[in-house]
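Trainee: Have a look at this one before I ask anything.
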Number of protein chains: 2
Amino acid sequence: MKRISVGIDIGGTNTALGLVDVDGNVLAQDSVKTCADVNDEVKTIADTISKLLQSIEPVEVVGIGIGAPNGNYYSGCIEGAANLHWKGKVELVKLMRQYIDVPTFLTNDANAAAIGEMVYGAAKGMKDFIVITLGTGLGSGIVVNGRLLYGHDGFAGELGHVNAIRNGRICGCGRRGCVETYVSATGVVRTATELLSESMEPSELRSIPNSELTSLAVTQAANRGDSIAKQVFERTGEILGRALADAIAFSSPQAIFLFGGLAGAGDLLFEPTRRSLDENVLSIFKGKAKILPSGLKSNAAILGASALVWGELNQN
Amino acid sequence: MKRISVGIDIGGTNTALGLVDVDGNVLAQDSVKTCADVNDEVKTIADTISKLLQSIEPVEVVGIGIGAPNGNYYSGCIEGAANLHWKGKVELVKLMRQYIDVPTFLTNDANAAAIGEMVYGAAKGMKDFIVITLGTGLGSGIVVNGRLLYGHDGFAGELGHVNAIRNGRICGCGRRGCVETYVSATGVVRTATELLSESMEPSELRSIPNSELTSLAVTQAANRGDSIAKQVFERTGEILGRALADAIAFSSPQAIFLFGGLAGAGDLLFEPTRRSLDENVLSIFKGKAKILPSGLKSNAAILGASALVWGELNQN
């Protein structure tokens, strides 16, 4: 019987589920609204898994992997996730196993992306690498010696909250100058707004109300040659390159993968990032760590979550 | 027969050697001048080990651990160490094994200190911690899941060269603003000099020629209540606390140990460091990682190097 793992990606709005084989083929998938009550959520997930299992040939479910904001690998709990309605400490793994009693692993979405990259993506065969997820914020999954770096409490790998600019932009975490206030979809919009205020240079971005400005609009403007929009990516890449230079001094990875919507800007982002990294990295690390796009093209969140299961089974 | 490991600490001026049992007792030790030629050095080390072995009851030598500047664990080589006379890439482990053919491990001095802390010191039983060595520069050994973080190339853990101040002090590495230009014995002297220039406040440090100013003199002045000297430690601790806040966001350790001469300043350094860490760390990490003094009191360098052997044997 074919062996599959269930990959579940819980987001603030939707929960995506898929049945994935060891080669990364998604045999069946679905998406449901994330429930306001966690008990409803778990029941909905279990029902959806049953439905998906009935839609394909019989398989053996070897485990469930869940990626969710603030998901803690050690405790199996989600605690204080800003974008979820569930209050307090939610024992998600325990609740899930009341419905489906298979090995179940939980971690945050960036860690799941890193394991996905290692199991199915461009980090196959690598033992030391970092995945940077560029969404509303900046997440990171750090792999050291073939294993995710969870740290003492399970929350390691918060590169989005390393300081980039002393007394810089206000961050959602309550502090100032965190990397993600500059390097993220939100950060790009903030930088665009800042640059629009700094000069009177014409720009198509001036015709978009601030509340409607998106990183995609900035990307498209830059691709059409808009000077302000191009400068936004220069600044973003410069700050990301400096942050990565420091990350390399820490864990000396073989590669750093950029994942998520903003990474789709391609050379607009990669080129200044690589240049800034090269300018700022310690000489013994120069030219070593490559900045690469993720190798996970579609269903990345489901793949990442399901990869947690294969990743764990490979280690034991 | 008692099992011992040989710990060797190679410095720019002296090489210290010791025979150490699994409990961290140094059964015999010696110190020799570091030779300008590496072949002479290896022969001198081998002769000294023989002499030490003859001075005690018969033992089984299970391995040799070497801590040296730029020592690379993977390659067994020293490459481009600024403070050693040996040019090019020196195959130290290979040369050593021509004299004594036992498992031989090489790493840099900060990594050796971290393993020493785990095997014999205050990090016993810990799986995730960081050791910061405060000497002429700032070195670091990062332990993740019970193993040293070597990274892809063996050079991970260069926290002394993470950026602390954008466009800050010139560093020996050729860049600007590295943490070690502020937080190290040398950094303390530079900060003292800077503070003496910033105000006309009286200070006993004004009577010491700049070329004779040391971190010990600053420590002693601070202990006598000298205001400028106390401010030096405030600034040093503030920058160290910020750097540690970022290191915690990376690897979320259980504790961070401060090791080396400058750590002997005690509360003068620890108190502002802890305060700055608490002010700057991401809220989910607040109060978690403790800033502690090293538990290795004497022979720390020999112990650290010898611990490499026990650390490796425990893993296999």
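The values are calculated or read from the model by the stated rules, or taken from the named source; none is laboratory data. Values in this document were obtained by computation on a predicted structure and should not be read as measured data. Glycine gets a Cβ as well: all are built from the backbone with ideal geometry, and neighbour counts include every protein chain shown.
Trainee: Which one of these does residue A:156 not meet: (1) without any contact (Cβ under 8 Å) to a residue 60 or more places away in the chain; (2) within 14 Å of another protein chain (Cβ to nearest Cβ); (3) aliphatic (A, V, I, L, M); (4) farther than 24 Å from residue B:239 by Cβ?
Mentor: Here residue A:156 clears every test but (4).
Trainee: Does segment B:160-173 hold any residues that are within 17 Å of residue B:244 (Cβ to Cβ) and more than 7 Å from chain A (Cβ to nearest Cβ), and which are they? Quick ask: steps written out before the conclusion?
Mentor: Taking segment B:160-173 first, the residues within 17 Å of residue B:244 (Cβ to Cβ) are B:160-165.
Across segment B:160-173, the qualifying residues are B:160, B:164, B:165.
Trainee: For segment B:67-75, state whether one or more residues are away from every other protein chain (no Cβ under 14 Å), touching a strand residue (DSSP E or B) at 6+ places or on another chain (Cβ under 8 Å) and either closer than 24 Å to residue B:182 by Cβ or part of a loop (DSSP other than H, G, I, E, B) (or both).
Mentor: Within segment B:67-75, the first condition is being away from every other protein chain (no Cβ under 14 Å), and the residues that meet it are B:67-68.
Going one step further and asking which of them are touching a strand residue (DSSP E or B) at 6+ places or on another chain (Cβ under 8 Å), we end up with B:67-68.
Cutting the leftovers down to either closer than 24 Å to residue B:182 by Cβ or part of a loop (DSSP other than H, G, I, E, B) (or both) gives us B:68.
Checked segment B:67-75: at least one residue is away from every other protein chain (no Cβ under 14 Å), touching a strand residue (DSSP E or B) at 6+ places or on another chain (Cβ under 8 Å) and either closer than 24 Å to residue B:182 by Cβ or part of a loop (DSSP other than H, G, I, E, B) (or both).
Trainee: I'd like the full set of residues that are loosely packed, with under 14 Cβ neighbours inside 10 Å and assigned to a helix (DSSP H, G or I), limited to segment A:200-222.
Mentor: Of the residues in segment A:200-222, the ones loosely packed, with under 14 Cβ neighbours inside 10 Å are A:200-202, A:206-207, A:209-212.
Passing the criteria: A:206, A:207, A:210, A:211, A:212.
Trainee: Can you name the number of the only condition in (1) away from every other protein chain (no Cβ under 14 Å); (2) surrounded by 24 or more Cβ atoms within 10 Å (Cβ to Cβ); (3) at pLDDT 95 or above; (4) under 21 Å from residue A:305 (Cβ atoms) that residue A:115 fails?
Mentor: (3) is the only condition that residue A:115 fails.
Trainee: Oh, and also: Could you say whether any residue in segment A:38-54 is outside any loop (DSSP other than H, G, I, E, B) and within 18 Å of residue A:153 (Cβ to Cβ)? Break it down stepwise before answering.
Mentor: Going residue by residue through segment A:38-54, those that are outside any loop (DSSP other than H, G, I, E, B) are A:38-54.
Right, trim to within 18 Å of residue A:153 (Cβ to Cβ) and you get none.
Taking every residue of segment A:38-54 in turn, none turns out to be outside any loop (DSSP other than H, G, I, E, B) and within 18 Å of residue A:153 (Cβ to Cβ).
Trainee: What pairs come up if the first residue lies in segment A:268-281 and is within 12 Å of chain B (Cβ to nearest Cβ) and more than 17 Å from residue B:163 (Cα to Cα), the second is surrounded by fewer than 21 Cβ atoms within 10 Å (Cβ to Cβ) and among the acidic types (Asp, Glu), and their beta carbons are under 9 Å apart, counting only those six or more places apart or on different chains?
Mentor: Cβ pairs passing all conditions: none.
Trainee: Find the strands (runs of 3 or more DSSP E) located wholly in segment B:90-183 whose residues include 1 or more that are farther than 17 Å from residue B:77 by Cα, and list them. Working first, answer last.
Mentor: Details: elements: B:104-107, B:129-134, B:138-144.
Filter on segment B:90-183 gives B:129-134, B:138-144.
Trainee: Follow-up. Which ones in segment A:184-197 are part of a helix (DSSP H, G or I) and either aromatic (Phe, Trp, Tyr) or touching a helix residue (DSSP H, G or I) at 6+ places or on another chain (Cβ under 9 Å) (or both)? First the steps, then the outcome.
Mentor: Quick first cut of segment A:184-197, residues part of a helix (DSSP H, G or I) only: A:185-197.
Across segment A:184-197, the qualifying residues are A:185, A:186, A:187, A:188, A:189, A:190, A:191, A:192, A:193, A:194, A:195, A:196.
Trainee: Taking residue B:306 as the residue in question, decide whether it is under 23 Å from residue A:166 (Cβ atoms) and not hydrophobic (A, V, I, L, M, F, W, C). Please lay out each step first, then the result.
Mentor: Values: under 23 Å from residue A:166 (Cβ atoms): no; not hydrophobic (A, V, I, L, M, F, W, C): yes.
So residue B:306 does not fit the description; no.
Trainee: Another question about this same structure. Would you point out which residue out of B:5, B:31, B:50, B:55 is among the hydroxyl-bearing types (Ser, Thr, Tyr) and within 17 Å of residue B:310 (Cβ to Cβ)? Don't jump to the end; show me each part of the working.
Mentor: On the way: B:31 fails: within 17 Å of residue B:310 (Cβ to Cβ); B:50 fails: within 17 Å of residue B:310 (Cβ to Cβ); B:55 fails: within 17 Å of residue B:310 (Cβ to Cβ).
Criteria check complete, one pass: B:5.
Trainee: Okay, moving on. Looking at segment B:296-308, can you tell me whether even one residue there is part of a helix (DSSP H, G or I), over 30 Å from residue A:148 (Cα atoms) and either touching a Ser or Thr at 6+ places or on another chain (Cβ under 9 Å) or within 14 Å of chain A (Cβ to nearest Cβ) (or both)?
Mentor: Yes, because at least one residue in segment B:296-308 is part of a helix (DSSP H, G or I), over 30 Å from residue A:148 (Cα atoms) and either touching a Ser or Thr at 6+ places or on another chain (Cβ under 9 Å) or within 14 Å of chain A (Cβ to nearest Cβ) (or both).
Trainee: Here's another thing I want to ask about it. Name the residues in segment A:244-271 that are crowded, with 22+ Cβ neighbours inside 10 Å and acidic (Asp, Glu), would you?
Mentor: A:246
Trainee: Within segment A:143-153, how many residues turn out to be touching a strand residue (DSSP E or B) at 6+ places or on another chain (Cβ under 6 Å) and facing another protein chain (nearest Cβ under 7 Å)?
Mentor: As a first pass, look at segment A:143-153 and keep what is touching a strand residue (DSSP E or B) at 6+ places or on another chain (Cβ under 6 Å): A:143-144, A:149.
Now drop any that are not facing another protein chain (nearest Cβ under 7 Å), which leaves A:144, A:149.
Total meeting the criteria: 2.
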